[in-house]
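The values are calculated or read from the model by the stated rules, or taken from the named source; none is laboratory data. Keep in mind that this is a model prediction, so the values were computed, not measured. Cβ placement follows ideal geometry from the backbone for every residue including glycine, while neighbour counts extend to all protein chains displayed. What goes into the accessible areas is simple: the full protein's heavy atoms, side chains included, and nothing from ligands, DNA or RNA. Shrake-Rupley method; radii C 1.70, N 1.55, O 1.52, S 1.80 Å.
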Amino acid sequence: MPDIDSVAERLAGKLRSYRADHIEVRLEETESSAVSYRGRELEAATRSRDAGGNVRALVDGGWGFATFNSLEAIEKRIAQAVEQARLAGKAKSEFAPMPPASADVTIDAKHDPRRISLAEKKALLDEYNQTIWSVSGLQTSSIGYGDSRRRCILVNSDGSVIRQERADITLRVTAVAAGSGEVQQSGISMGSRGDFEEIKGLHARVKETAERAAALLKAPQARGGEYTVVLDPVLAGVFVHEAFGHLSEADHIYENPQLKEVMVLGREFGGGHLNIIDDATIDNLRGSYAFDDEGVPGQRVHLIREGRLSGRLHSRETAAKMGEKPSGSARAISFRHPPIVRMANTYIEPRDVTFDQMIGDIKEGIYARNWYGGTTSMEMFTFSAGEAFMIRNGRVEELLRPVVLSGNVFETLKRIDAIGNDLEMNQGGGCGKGGQSPLPVSNGSPHIRIQKCLVGGR
């Protein structure tokens, strides 16, 4: 059976011979492992391999898409995708041109999780599970670890041949406590670009997480209403990703007339101190990449600059439809899916306010940290903080039960009146959109302060 490199070389000179406006072939090989626990028991420990590819063709504005697991029949799949596109095509194709690219992006041994045996991974997680259960008052717990090393080759009718390797690690730890008819939970979510060292030595954090779950059973609940709220970098990063970042994805915008009227470049969305950026070029973050899955270089995009909407995230198709430039934001979670517009590393740029300055003049407010859930609908959002504390007379005081924050994202952005100097990027979890989840991304922020934020409570 031919390997993906020889197939890519053979296809590089042939794709232009097909009658299509654009064709791209993606070939992919993945090795992965996973370890999970439910309560005290090991649930699964697995290693797996996956290989395959897809063809995407554009003809007269219509798309064809075919996937395959065998490289033997690839010419047949190309013809199939072209025919699908021809049947769907009814208008002029709109697809931003890009110069051909040739690249070979590799990872070093330190960032390859395959160098760590499955037994060694399990041994570390056994320790974390024992640490969780050294805390009394827990009802159950869960640990989920996953890693992958993926090698992709993109060949397209532009003449591009782009080889990319990437590795990814995720770890999620959750402790659940129960008592007197109440259930509370606390968790850790983190990841890395394949460096196993970054998830070692977390025993103290794991124990603190389990202890917090138990402590939340006795914590009071905040009184509902409007507060001055300070968000930590994790919750603020999730807010900017979920509530604003998705609104910046151009496929949402050009398909939605209502959103198109709102997301007008140059419109004021916040104070002059507010800058929101999506950047695929930052070294060693899970959302970073050299090229997206359409062969466009990853880029730094200023979504909001000094309070005004200044950019958005594009695929080659959305850029052409909206008369703008591609941003290198078309990504797919695997060869089984076509690329769609996605975020990379989305964050609020830091300013110069210290945390003590931020809380110093708050008579009564709430400090919300971490998160474990939320929903967005257009510009409306609801997020559950993972933990919260009362702020009184400029000091962080007692632990509260997790609070729910809700509101309109555009109004909330305008109510951000202080931005910290302590940017942190959250590498945990992954993004879901269009049935593709979890896509590796990062999000982050400094601490931020929001005036008149609606907090749900008793």
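Taken over the stretch 324-370, the criterion of being of a type in the set (A, V, I, L, M, F, W, C), within 25 Å of Pro97 (Cβ to Cβ) and in contact with a helix residue (DSSP H, G or I) (Cβ under 9 Å, 6 or more places away or on another chain) is satisfied by Ala330, Ile340, Val341, Met343. Considering (1) free of Cβ contacts under 8 Å to residues at least 24 places away in the same chain; (2) among the aliphatic types (A, V, I, L, M); (3) touching a Phe, Trp or Tyr at 6+ places or on another chain (Cβ under 7 Å), the lone condition that Ala204 does not fulfil carries the number (3).
Scanning the stretch 314-354 for residues that are among the aliphatic types (A, V, I, L, M) and part of a loop (DSSP other than H, G, I, E, B) gives Ala332, Ile333, Met343, Ala344. When the stretch 394-430 is filtered for residues that are open to solvent by less than 30 Å² (accessible area, probe 1.4 Å), part of a loop (DSSP other than H, G, I, E, B) and closer than 26 Å to Ala330 by Cα, the ones remaining, listed by number, are Gln427, Gly428. Can you find a residue that is of a type in the set (Gly, Ala, Ser), at negative phi and open to solvent by less than 70 Å² (accessible area, probe 1.4 Å) anywhere in the stretch 126-136? For the stretch 126-136, residues of a type in the set (Gly, Ala, Ser), at negative phi and open to solvent by less than 70 Å² (accessible area, probe 1.4 Å): absent.
Checked against (1) of a type outside the set (Ser, Thr, Tyr); (2) outside any helix (DSSP H, G or I); (3) open to solvent by less than 40 Å² (accessible area, probe 1.4 Å), Leu11 meets all criteria but (2).
Being in a helix (DSSP H, G or I) and under 30 Å from Ala332 (Cβ atoms), is that true of even one residue in the stretch 164-184? Walk me through how you get there before you give the answer.
At the first step, the residues of the stretch 164-184 found to be in a helix (DSSP H, G or I) are none.
Checked against the condition, which is being in a helix (DSSP H, G or I) and under 30 Å from Ala332 (Cβ atoms), the stretch 164-184 yields no hits at all.
Among the residues here, Asn370 qualifies as on the phi > 0 side of the Ramachandran plot and either of a type in the set (Phe, Trp, Tyr) or open to solvent by less than 50 Å² (accessible area, probe 1.4 Å) (or both).
Yes or no: Leu309 within 19 Å of the chain's Cα centre (by Cα) and either at positive phi or buried (at least 20 other Cβ atoms within 10 Å of the Cβ) (or both)?
Answer is no for this residue.
Within the stretch 361-378, the presence of a residue that is outside any strand (DSSP E or B) and in contact with an Asp or Glu (Cβ under 8 Å, 6 or more places away or on another chain) is excluded. Figure legend. Inter-residue proximity from the stretch 431-449: first residues open to solvent by 30 Å² or more (accessible area, probe 1.4 Å), second residues not in a strand (DSSP E or B) and not acidic (Asp, Glu), beta-carbon distance below 6 Å, spacing 6+ or different chains. Indicated pairs: Pro438/Gly430. Taken over the stretch 253-270, residues that are open to solvent by 20 Å² or more (accessible area, probe 1.4 Å) and in contact (Cβ under 8 Å) with a residue 40 or more places away in the chain amount to 8. Might you let me know whether the stretch 385-393 holds any residue that is within 30 Å of Gly144 (Cβ to Cβ), in contact with a Ser or Thr (Cβ under 9 Å, 6 or more places away or on another chain) and part of a strand (DSSP E or B)? For the stretch 385-393, residues within 30 Å of Gly144 (Cβ to Cβ), in contact with a Ser or Thr (Cβ under 9 Å, 6 or more places away or on another chain) and part of a strand (DSSP E or B): present. Only one entry in Ser334, Ser329, Ser406 is under 22 Å from Leu265 (Cβ atoms) and of a type in the set (Gly, Ala, Ser), namely Ser329.
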